[in-house]
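Inspection log for the structure reproduced underneath, given as structure tokens.
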Amino acid sequence: MEFIKITEQPSLYNDLEKKPIGEILQEINAEDHKVADAVERSIPQIEKLVSQIIPRVKKGGRIFYMGAGTSGRLGVLDASEIPPTFGMPPTVVIGLIAGGDTALRNPVENAEDDTKRGWEELQQYNINTKDTVIGIAASGTTPYVIGAMHEARKNGILTGCITSNPNSPMATEADIPIEMIVGPEYVTGSSRMKSGTGQKMILNMISTAVMIGLGRVKGNKMVNMQLTNQKLIDRGTRMLIDELHLNYGEAQSLLLLHSSVEKAIEAFHNEDELT
């Protein structure tokens, strides 16, 4: 099948520098409206990937996000939000970016062009067949990602990808490719825009659905969130008030004693059973 690089096609808008600010913002917003529809069309593939990830993680597997530039940063961002949101150790979802942590803030020359480096980094984590590698690249052509996915798949490791181009080289290395076709960017080739927005949405969907599948959410609440500031302590306290019908002081004391909403609820019910 022919590989068409939609992400590099010309913008649908011209003479951007001549437009008033309001018109620019309206047009960007109009393009952003297309992103959710593109993500919706990708849900069947997202579902397939999540369905295969959950049993792997239950057996001790991990999720590795791999990308360069914006894609890499978004993977690291999603991975970094898992411990505080769901109380999971930072070793469960891991974001790797071409060029390492330096590349989170600064471009690292030629880092994404190294076809071997990604797999070398995965090997440092003793990657195995319980793990999953998800490549992220709007173009679908990033060598750092493709090389890692190729070796991972060759070694029996589940591979997925998120791309904005159909039939890309990266997708051919994925057991489950997610092709989110958002169309040309408002600024030609600037995949930090619609592609980046769609990637963030899909990463949210993958990680949240996996964590729900692992029992890290009860009802609709983050009962395993880390209590790292007063806002989160207050949120957890109010969860306990709703669940256990305690007053504020009792609920907060119980929460702080057990360090999580879930553990506090379990302890409360265990104490009830004993009395």
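The values are calculated or read from the model by the stated rules, or taken from the named source; none is laboratory data. Computed from a predicted model, the values in this text were never measured in an experiment. Note that we place each Cβ from the backbone using ideal geometry, even for glycine, and neighbour counts take in every protein chain shown. In case anyone asks, the SASA skips ligands and DNA or RNA and just uses the protein heavy atoms, side chains included. Shrake-Rupley method; radii C 1.70, N 1.55, O 1.52, S 1.80 Å.
Tell me which residues, restricted to region 79-99, are of a type outside the set (S, T, N, Q) and under 18 Å from residue 125 (Cα atoms). Please lay out each step first, then the result.
Step one: of region 79-99, the residues of a type outside the set (S, T, N, Q) are 79, 81-84, 86-90, 92-99.
Hits for region 79-99 are 79, 88, 89, 90, 92, 93, 94, 95, 96, 97, 98, 99.
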Step by step: first the residues of region 78-103, then only those that are under 20 Å from residue 140 (Cα atoms) and part of a helix (DSSP H, G or I), then the one that is modelled with the lowest pLDDT. Which residue is that? 103
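Checking the condition over 27 Å from residue 41 (Cβ atoms), open to solvent by less than 20 Å² (accessible area, probe 1.4 Å) and in contact (Cβ under 8 Å) with a residue 24 or more places away in the chain, which residue from 131, 114 passes? Give the steps one after another, and end with the answer.
Details: 114 fails: open to solvent by less than 20 Å² (accessible area, probe 1.4 Å).
Within the list 131, 114, the selection yields 131.
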Per-region count, region 42-64, residues open to solvent by less than 70 Å² (accessible area, probe 1.4 Å), in a helix (DSSP H, G or I) and touching a residue at least 60 places away in the same chain (Cβ under 8 Å): 8
Long-range neighbours under 7 Å by Cβ, at least six apart or interchain, first residue among the β-branched types (Val, Ile, Thr) within region 20-32, second assigned to a helix (DSSP H, G or I): 24/16
Test for residue 212: is it crowded, with 24+ Cβ neighbours inside 10 Å and modelled with pLDDT of 95 or more: no
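Tell me, please, whether a residue that is exposed (fewer than 13 other Cβ atoms within 10 Å of the Cβ) and closer than 19 Å to residue 192 by Cα can be found in region 79-101.
Just the residues of region 79-101 that are exposed (fewer than 13 other Cβ atoms within 10 Å of the Cβ), to begin with: 89-91, 101.
Remaining after also requiring closer than 19 Å to residue 192 by Cα: 101.
Yes: region 79-101 contains one or more residues that are exposed (fewer than 13 other Cβ atoms within 10 Å of the Cβ) and closer than 19 Å to residue 192 by Cα.
Can you say whether residue 187 is hydrophobic (A, V, I, L, M, F, W, C), open to solvent by 60 Å² or more (accessible area, probe 1.4 Å) and within 28 Å of residue 7 (Cα to Cα), as far as the supplied structure shows? Before the answer, list the steps.
Values: hydrophobic (A, V, I, L, M, F, W, C): yes; open to solvent by 60 Å² or more (accessible area, probe 1.4 Å): yes; within 28 Å of residue 7 (Cα to Cα): yes.
So residue 187 passes the test.
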Checking 201, 225 in turn, the sole residue that is under 30 Å from the mean Cα position of the chain (by Cα) and open to solvent by less than 20 Å² (accessible area, probe 1.4 Å) turns out to be 225
Cβ-Cβ under 6 Å, sequence separation 6+ or interchain: first residue in region 242-253 and assigned to a helix (DSSP H, G or I) and among the small types (Gly, Ala, Ser), partner modelled with pLDDT of 95 or more and surrounded by 15 or more Cβ atoms within 10 Å (Cβ to Cβ). Which pairs? 251/237; 251/240; 251/241
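Looking at region 151-174, can you tell me whether even one residue there is surrounded by fewer than 16 Cβ atoms within 10 Å (Cβ to Cβ) and touching a helix residue (DSSP H, G or I) at 6+ places or on another chain (Cβ under 6 Å)?
Of the residues in region 151-174, the ones surrounded by fewer than 16 Cβ atoms within 10 Å (Cβ to Cβ) are 154-156, 167.
Narrowing further to those that are touching a helix residue (DSSP H, G or I) at 6+ places or on another chain (Cβ under 6 Å): none.
There is no residue in region 151-174 that is surrounded by fewer than 16 Cβ atoms within 10 Å (Cβ to Cβ) and touching a helix residue (DSSP H, G or I) at 6+ places or on another chain (Cβ under 6 Å).
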